[in-house]
Amino acid sequence: MIRITKSQPAPAPLTTRGARHLRQLQAIQAADPAACQIPGNKLLESRDGIYNDAQVKARLLSDQHRKCCYCESRPTSVSYGDVEHFRPKGGYQQARNEPLNKPGYYWLAYAWENLYFACHLCNQEFKGNYFPLRNPTKRAKCHTDALAQEHPLLPDLATENPARYLTFRQDAILPKRGSLRGQACIEAFGLDRPELLDRRIEHLKRLTHARIIGAIDLSLPLNATARQFLSEARLSLAAGQALVDDARRIWQEAALDTAEFAGMVRASFPHLPTS
Ligand SMILES: [Zn+2]
């Protein structure tokens, strides 16, 4: 995970259709707050056609460089991914094993600052409606409550840098200095799941190859290493130089916001440029 910069202003479907439906939801809640707390009720259901609008998703994908906000994979080649609500819109769980508490953060269903792009696994298989607070008695339960009194265990990536809580040892993700919030992130998003560990280790291997090839000096007169490289790879000098240039670019761009797994790369190679 890395911090995410959200472009402004909010996409139009949220501020037009979303704002209109939000007023309806607020009126329903104000008319009968108790009914909205009954387990399983659907009084404050949001409209997925608004927050899932193509304009909203396109903007999230652009702001997040097509990466999942949690695992930093690019899932779009194998799955479309989800528009994720940081504070769950339909109901929440303080603990994994408890039933869904109602209502959820219905008033944030169309709030731009509450929306992210996440892969199917991080969103649906792991986080779901889990949203633990340090002190659950401080939870905002309707649109007139103050969110500022909440202290969520999971970091809001538009306002917090997750590197304060999480670090990596090679491909393994760890809570920084035993951070409770770091541990909560790893568990909530499944950031240590085996498939993700495999992808991160492959990524580190590719970067190591890029670093080695990028270090080859093909300036004339060629040294022995350069001659051996061109001969074994059966490359002309021009083709070899193109390969070296590409490897240097991959290495130099590996910690930018645009790169997959930039959080892991930054932890392992803190001297690489991040912007
Ligand atoms: Zn993910």
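The values are calculated or read from the model by the stated rules, or taken from the named source; none is laboratory data. Just so we're clear, the structure is a prediction, and the values are computed from it rather than from any experiment. Note that we place each Cβ from the backbone using ideal geometry, even for glycine, and neighbour counts take in every protein chain shown.
Worth a mention:
- When the stretch 58-75 is filtered for residues that are within 17 Å of residue 190 (Cβ to Cβ), in contact with a strand residue (DSSP E or B) (Cβ under 9 Å, 6 or more places away or on another chain) and more than 7 Å from the ligand (Cβ to nearest atom), the ones remaining, listed by number, are 67, 69.
- Residue within the stretch 65-74 that is at pLDDT 95 or above, of a type in the set (Phe, Trp, Tyr) and in a strand (DSSP E or B) present: no
- Residues located in the stretch 116-148, provided they are in a loop (DSSP other than H, G, I, E, B), hydrophobic (A, V, I, L, M, F, W, C) and touching a residue at least 24 places away in the same chain (Cβ under 8 Å): 119, 131, 140, 142
- Of the residues making up the stretch 95-129, those that are within 13 Å of the ligand (Cβ to nearest atom) and surrounded by 18 or more Cβ atoms within 10 Å (Cβ to Cβ) are 116, 117, 118, 119, 121, 122, 123, 126, 127.
- With respect to (1) over 30 Å from residue 198 (Cβ atoms); (2) assigned to a loop (DSSP other than H, G, I, E, B), the lone exception for residue 56 is condition (2).
- For the stretch 40-65, filtering for residues that are surrounded by fewer than 17 Cβ atoms within 10 Å (Cβ to Cβ) and not aliphatic (A, V, I, L, M) leaves 10.
- Exactly one residue out of 257, 171, 246 is among the charged types (D, E, K, R) and without any contact (Cβ under 8 Å) to a residue 60 or more places away in the chain, and it is 246.
- Yes/no for residue 89 being more than 16 Å from residue 1 (Cα to Cα), outside any helix (DSSP H, G or I) and out of contact with any Pro (no Cβ under 8 Å at 6 or more places or on another chain): yes
- When the residues of the stretch 149-175 are filtered to those that are assigned to a strand (DSSP E or B) and of a type in the set (Val, Ile, Thr), the one that is surrounded by the fewest Cβ atoms within 10 Å (Cβ to Cβ) is 167.
- Listed by position, the helices (runs of 4 or more DSSP H) contained in the stretch 181-275 that have at least 1 residues being surrounded by fewer than 16 Cβ atoms within 10 Å (Cβ to Cβ) are 194-214, 224-233, 237-252.
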